[in-house]
Amino acid sequence: MQVVKPGKLLINNEWCEAESGKRFSVTNPATEQKLTDVAEGDAADVNRAVKAARRAFESGPWKTMSARERGRIINRIAILLDKHKEEFAELETLNNGKPISETRNADLPLSIETFEYYAGLADKIHGDTIPVSGNFFNYTLREPAGVVGQIIPWNFPLLMAAWKLGPALATGCTVVLKPAEQTPLTALKLGEIAIEAGLPAGVLNIIPGYGPTAGAAIATHPDVDKVAFTGSTEVGKIVMQLAGANLKRVSLELGGKAPNIVFADSDIEAAVNGAMRGIFFNQGEVCCAGSRLFLEEKIHDEFLSKLKTRVEKMIVGNPLDPKTQMGAQVSEEQFKKILGYIDQGKKEGATVLTGGAPAQPKGYFVKPTILEGVNNNMTVAREEIFGPVVCAIAFKNHDDLCRQANDTVYGLSAGIWTRDIGKAHRLAKEIKAGTIWINCYNCFDAASPFGGFKQSGFGRELGKYALELYTQVKSVWVSLD
Ligand code: NAP
Ligand code: MG
C-alpha cells in the first residue's frame, strides 16, 4: 500500500506551507488512524492564491493560448489520471472510506471521462451572429467568467474536483479550489498531475483548509468573479450570502431527499437492485441518494422482504478488499449524525427492519439500514441523513404519490420503477427535480447535466450546460454604414 505523504498548498504551481504554519491531520475513517498532515490554508493563503489566479487569467500563456491547446492540456490531465488510476483509487478509499470496487469502477472512470469530455469541448465554445434590425452586424463572444472559487465536499473528493475543473479550465477560467477538510488528498494529487500535464502557473491553485476560514475567504474575496459550491444546503445559503459582498456569480449543488418510486407493475427484481444502488452506493453519502423509497401498497410487504434479504447479505467492512460492498462513513461526526437520525426515526414511530447500528467495533461503519413505516412528515423523511438509511413509505395511487414525492424542500433527483412507459414519462414531468431515472438509478455521464430544483441549488454541472456557469456573453455591434 502506498505511503501517504504530507500535503501542502498549491499556489502558482508551487507547493508551500500555510502562512500561519498550521497543519491539520487527515484520518482513515475505516481504521480511525491518522493518515497524514496537510497544510491548513486560511484567508491569507486564499489571498495569495487569488492573486496568482488573477495574474494567470489576465496575462501569460493561459490567456493567449488557443482553445485547442487548452483542450490538449486538459486531455493530458485525463491521460495522466488514467495512468495513475490505481494509486488514486487507493488513496481515495483510504481517505474517504468508500469501497475500492467503487473508486475503481465509478470515481476514477467518471473523473477521467469528465476531463476527456471537456478537453474535447474546449475548442467548440463560441458565440453567435444575430440578425438584428438596422444596418448592423451583431455578434456575441463567449468569454471566460474570470477567477473562479470552487468549494467541494468530501463524498466524491476527486470526482467533484473533476466536475468543477473540467468546464472551468475548458472555458479559460483560472481557479482557487478548496477541497473538504476531511478529504483533501486526491485533489492535491490531481494538482501534481495538472502541473505535469502542462497547466501554466496560477491556473489551478488548491487550498485545503476549513470552511469558515478558507472557504469563507474564497466566497467573500472581492477579486473572485464566480463561486461554485457543492455541499449542504445550510452552508450553500451562507456561501450565497458571502458571495453577495461583490455580487459574484454563484452556482450551488446542494442536498437532496430523493423519492425512489416503485409501482406494483415494475420489474420487482430490477427495482430491488435499484433501491440498493440508490441508497447504499457510497455508504449513502450521496446528494442524489434514493433515500425515500415509495412503495405502492400492493407490493409493499413483498418488496421489503426481498430488499431485507438482499441487504442482510451485503459485505460491509474493509474498504480496500475488492469484495467489500459498503465501506466506512467519512468521519466520526457523520457516523454519529446517522445513528442519531436512526434514533430520531424510532422515536417518531418508524421501525428498524434491519441494520440500525454500528457494523464494526472499530471504524465508522454503519449497518445498511431499512426504516419501515415511515411517513413523509417524519424528520428522517424530511432531512438529509447522508448515510445508508432508506426510509420506506407506502403510497396508494398516483395523486397520493405525486403529492408526497414533491412535498420536500429538495429537488435534486428521483427514480421511477414501472413497466408502464406512459406513466413513467408523465411522472418524469410532474416531479420537481433536476434528474429523473426511469428503471435505473445513480447513472452519470460527463455529457448529461446534473443539478437541482428548489433548495437543492441552481446551475447545471456537466455537459454543455456547465459552460453557462463559467462563461459570460458579450454582445458586439458593428455599424455597416
Ligand atoms: P458542508 O459543510 O456543506 O461542506 C461543503 C464544503 O463547504 C466543504 O469544503 C466545507 O469546508 C465548506 N464550508 C463549510 N462551511 C463553510 C463556510 N462558512 N463558507 C464557505 N465554505 C464552507 O458539508 P459537510 O460539513 O462536509 O457535511 C455536512 C452535511 O452536508 C452532510 O451531513 C450532508 O448532509 C451534507 N452534504 C451534502 C453534500 C451534497 O453533495 N449535497 C455533500 C457533502 C455533504 P469543510 O471542509 O471545513 O467542512
Ligand atoms: Mg463541514
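The values are calculated or read from the model by the stated rules, or taken from the named source; none is laboratory data. The structure displayed is predicted, hence computed values, not measured ones. Neighbour counts are summed over all protein chains in view; Cβ atoms, including those assigned to glycine, are modelled from backbone coordinates with ideal geometry.
Quick check on the stretch 188-234: of everything there that is outside any loop (DSSP other than H, G, I, E, B) and polar (S, T, N, Q), which residue is farthest from ligand 2 (Cβ to nearest atom)?
For the stretch 188-234, the residue satisfying everything is 205.
Being within 16 Å of ligand 2 (Cβ to nearest atom) and in a helix (DSSP H, G or I) is true for just one of 302, 384, 333. Which residue is that?
333 is the lone residue from the list that is within 16 Å of ligand 2 (Cβ to nearest atom) and in a helix (DSSP H, G or I).
For the stretch 347-372, which residues satisfy the criterion of being under 23 Å from residue 314 (Cβ atoms), in contact (Cβ under 8 Å) with a residue 24 or more places away in the chain and loosely packed, with under 15 Cβ neighbours inside 10 Å?
360, 362
Restricted to the stretch 5-50, and to residues that are buried (at least 18 other Cβ atoms within 10 Å of the Cβ) and among the basic types (Lys, Arg), which residue is farthest from the chain's Cα centre (by Cα)?
48
Report, by residue number, each residue of the stretch 150-178 that is within 14 Å of residue 11 (Cα to Cα) and within 9 Å of ligand 1 (Cβ to nearest atom).
178
Hey, does the stretch 222-243 have a residue that's at pLDDT 95 or above, more than 25 Å from residue 172 (Cα to Cα) and touching a Lys or Arg at 6+ places or on another chain (Cβ under 8 Å)?
no
What are the pairs, 6+ residues apart or on separate chains, where a residue within the stretch 198-225 that is within 8 Å of ligand 1 (Cβ to nearest atom) has its Cβ under 9 Å from a residue that is aromatic (Phe, Trp, Tyr) and part of a strand (DSSP E or B)?
Within 9 Å, the pairs are 209/24; 210/24; 215/229; 219/229.
Of all residues in the stretch 231-252, which are within 16 Å of residue 161 (Cα to Cα) and within 10 Å of ligand 1 (Cβ to nearest atom)?
Taking the stretch 231-252 as the starting set, the residues that turn out to be within 16 Å of residue 161 (Cα to Cα) are 231, 251-252.
The answer is 231, 252.
Spot the failing condition for residue 228; the list is (1) within 16 Å of ligand 1 (Cβ to nearest atom); (2) under 16 Å from residue 111 (Cβ atoms); (3) touching a Ser or Thr at 6+ places or on another chain (Cβ under 9 Å), and only one is missed.
Unmet condition: (2).
Just to be sure before I move on: is residue 438 within 21 Å of residue 403 (Cα to Cα), touching a Gly at 6+ places or on another chain (Cβ under 9 Å) and away from ligand 1 (no atom under 15 Å from the Cβ) in the structure I sent? Talk me through it step by step, then tell me what you get.
Numbers: within 21 Å of residue 403 (Cα to Cα): yes; touching a Gly at 6+ places or on another chain (Cβ under 9 Å): yes; away from ligand 1 (no atom under 15 Å from the Cβ): yes.
It is true that residue 438 is within 21 Å of residue 403 (Cα to Cα), touching a Gly at 6+ places or on another chain (Cβ under 9 Å) and away from ligand 1 (no atom under 15 Å from the Cβ).
Residues of the stretch 90-142 being assigned to a helix (DSSP H, G or I) and of a type in the set (S, T, N, Q), which ones?
93, 95, 96, 101, 103, 105, 111, 114
Identify, by number, the condition in (1) surrounded by 21 or more Cβ atoms within 10 Å (Cβ to Cβ); (2) part of a helix (DSSP H, G or I) that residue 328 doesn't meet.
(2)
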